[in-house]
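Every read-out reported here was derived from the displayed coordinates using simple, explicitly stated rules and does not represent laboratory data. All values derive from a computational prediction rather than experimental measurement. Note that each Cβ is placed from the backbone with ideal geometry, even for glycine, and that neighbours are counted across all protein chains shown.
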Amino acid sequence: MAPSIAIPAAAQQTKGEAALRRRNEELERELRESLEREERTRAELTRTMERLMVTEEAEERLCSQLGELEAEAVGQAREYRARIMELMDQLAGMPQQANLISQ
């Protein structure tokens, strides 16, 4: 019979423990990286939410200003139309006044 090489049980256990330790360290590293990514993502989400709030407030201000400008434009258009009508009435009355003066 051929001689067999016996590996002591303690050596096998040490190899297994070393493999488990390496795997544990790898998992801990992956967990740290994952937690760091999560923290960065949370910070980015917070910044994005803050920008969104600022943008919404700016939109509200712009809508308010636009409403005021529209109201002002309507007022100016009414005044302009009234002035045009007034001038048209004056022009319509001019030939009659010229005829009255010449008579």
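Things worth noting here:
- For the pair Q65 and E39 in one chain, pulling the backbone fully straight at 0.36 nm per residue adds 5.5 nm over the alpha carbon distance.
- Label-to-label distance for T48 and R83 is 5.2 nm, based on points extended 7 Å past Cα in the beta-carbon direction.
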